[in-house]
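> There's a structure below that I have some questions on.
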Amino acid sequence: MIQVPQRGFLQAEYENRLSKIQKLMFDEGMDAILLTTQVDIEYYTGFKSQFFESPTRPWFVLIPLDDKPKAIIPVIGESGMRGTWIDDIQTWVSPNPEDEGISLLTTSINALMKRFKCLGIPQGHESSLRMPLGDYNKLISNLDGLQIKDATNILRYVRYVKSHAEIEKISYICQVASQGFEDLPSLLKVGESERANCQRFKNHLLTLGVDDFPYLISGSGQGGYGSIIMGPSERILENGDIFIIDTGCVFDSYFCDFDRNYAFSYASDEAKKAYEVVFNATDAGFEACQVGNTTSDVFHAMNKVMQKGGALGNSVGRLGHGLGMQLTEWPSNTVNDNTPLEEGVVLTLEPGMEYLAGKEMVHEENVLITKDGPIWLSRRAQKELPII
């Protein structure tokens, strides 16, 4: 029986996150940081709402240099935000296209510009702005005389190293999905579509304890598949097919992200060999996941095995990435990323290779970096390509 972690976090978790970002803000000379995205807002406040799926209303949180976060949000979210550790909450009635909180936000920002006269806003790679561009331009014009700095690096660094409570949630969802994958061969059926087979997988994972499936793809084809980001489709599975399912399941806002490959009735020698190569490449990446090494060391360890194994190419561009409240987080395992690995970092190892023209083989596992070496969070896949 897999132990279910406690949902949510103690207030001390949020206080620790705030302390970390405020220290970095001081070093960077920022009086406040503006947050607009669901993940950033939830990470620092604990505000969890599916209402972010609606594009109608923007949401704002300010992280001051020396105080608790401040929420400037539509009044519809006030009761939910008051259920968090945040107590400074300003609201406006929304939708109001003429002034979607910009007046309140401008006043709040100006009141915080006490030391450096500088506002941090995430602007870099993998960041996004969840507000109308016109409103953003209006806000910046209202803040004339203030410096705007990119806060991407410090925001992503705080999330890079996971706390014990975060690791518990990621480990749990990895274990649940692993159990689902181990049960999957008995659920797969030739003569039915990818979609029907994936739906059975989803239903089974729900019974095991998954909250949601923001990401579940599949691919199939005779002797191999050609894509790992599409599907599930209406394609009917047949004997001789190679079938991949890649899933990003969620428990309490935290993701797993790994895949499994299956063959129906038989597999070609080329497919079996490709599976062996990416499996061994994953082991090599795992051994490279040592504190003090870098994401590029992990990349080179895996890539070396695949090149020796006859890889024709890799269209993905990276061999894994960070993992947490998003399916993919910074950093990336690439040739030139060079992010140092630290204790508490969670990565995916995802070697993939083209082994025949138009045929790919991708393998993925989730691992935790510790001072004593890496730990598998997902249960290791079978060493040989499973044939059903």
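> Limiting things to C-alpha atoms, what are the Rg and the maximum Cα-Cα separation (Dmax) for the stretch 252-388, in angstroms?
Radius of gyration, then largest Cα-Cα span, for the stretch 252-388: 14.5, 44 Å.
> Still on this model: Just flag the trypsin sites (Lys or Arg not before Pro) in the stretch 136-194 sitting in loop per DSSP whose Cβ has no more than 15 other Cβ atoms within 10 Å. The partial results should precede the final answer.
Numbers: sites: LYS138, LYS149, ARG156, ARG159, LYS162, LYS169, LYS189; in loops: LYS162, LYS189.
Loop-located and lightly packed - LYS189.
> I've got another one for you. Which of the GluC sites (Glu not before Pro) found in the stretch 95-137 are loop residues per DSSP with 14 or fewer other Cβ atoms within 10 Å of their Cβ?
Numbers: sites: GLU98, GLU100, GLU126; in loops: GLU98, GLU100, GLU126.
Of the GluC sites (Glu not before Pro), the ones in loops of the stretch 95-137 whose Cβ has at most 14 other Cβ atoms within 10 Å are GLU98.
> Which one of GLY324, SER19, GLN38 is farthest out on the positive end of the charge dipole of the chain, using unit charges on Cβ (Lys, Arg +1; Asp, Glu -1) and the Cα centre as origin?
With unit charges placed on the Cβ atoms, the residue in question is SER19.
> Could I ask something else about it? Put +1 on the Cβ of each Lys and Arg and -1 on the Cβ of each Asp and Glu in the stretch 11-159; which of SER54, ILE109, PRO64 then has its Cα farthest toward the positive end of the dipole?
Result: PRO64, furthest along the dipole toward the positive end.
> For TRP376, project a label point 7 Å along Cα to C-beta. Then give me every residue of the stretch 266-281 with its amide nitrogen under 18 Å of that point.
What the label zone holds, given the 18 Å backbone N cut-off, is 275-281.
> Go through the cysteines of the chain and tell me which have no other cysteine Cβ under 4.7 Å away.
CYS118, CYS198, CYS249, CYS289
> Label ASN293 and ILE236 with points 7 Å out from Cα along Cα→Cβ: what is the distance between them in nm?
Placing both labels 7 Å along Cα→Cβ, they lie 4.6 nm apart.
> If you average the alpha carbon positions of the stretch 288-336 and of the stretch 119-170, how far apart do those two centres end up, in angstrom?
Result: 25 Å between the Cα centres.
> For the chain, with only Lys/Arg (+1) and Asp/Glu (-1) charged at the beta-carbon, what is the dipole magnitude about the Cα centre, in debye rounded to 20? Intermediate results must be reported in sequence, preceding the final value.
On the way: 35 positive and 52 negative charges, 44 e Å.
Taking the Cα centre of the chain as origin, the dipole is about 220 debye.
> How large is the translational diffusion coefficient of the stretch 11-159 in µm² per second when you combine the Kirkwood radius over alpha carbon pairs with Stokes-Einstein at 4 °C and 1.567 mPa s? Let's see the in-between values first.
Working: Rh = 15.3 Å.
Estimated diffusion coefficient is 84 µm²/s.
> Pick out which of GLY134, GLY248, GLY352 has the largest mean-square fluctuation in a Gaussian network model of the chain, springs linking Cα atoms closer than 10 Å.
Among GLY134, GLY248, GLY352, the largest GNM mean-square fluctuation belongs to GLY134.
> So what are the stretch 161-376's ellipsoid semi-axes, whole angstrom, largest first, if each one is the square root of 5 times an eigenvalue of the alpha-carbon gyration tensor? Mind dumping the intermediate values first?
Values: eigenvalues 148, 101, 31 Å².
Square roots of five times the eigenvalues give 27, 22, 12 Å.
> On to the next question. State the label only: which of (i) 69, 47, 45; (ii) 69, 47, 41; (iii) 68, 41, 41 corresponds to Cα extents along the principal axes in Å computed from the shown model?
Matching entry in (i) 69, 47, 45; (ii) 69, 47, 41; (iii) 68, 41, 41: (iii).
Quick note: the coordinates plus some simple rules give every number you see, no bench work behind them. What you see is a predicted model, and the numbers here were worked out from it, not measured in a lab. Ideal geometry is used to build each Cβ from the backbone, glycine not excepted, and the neighbour counts take in all protein chains shown.
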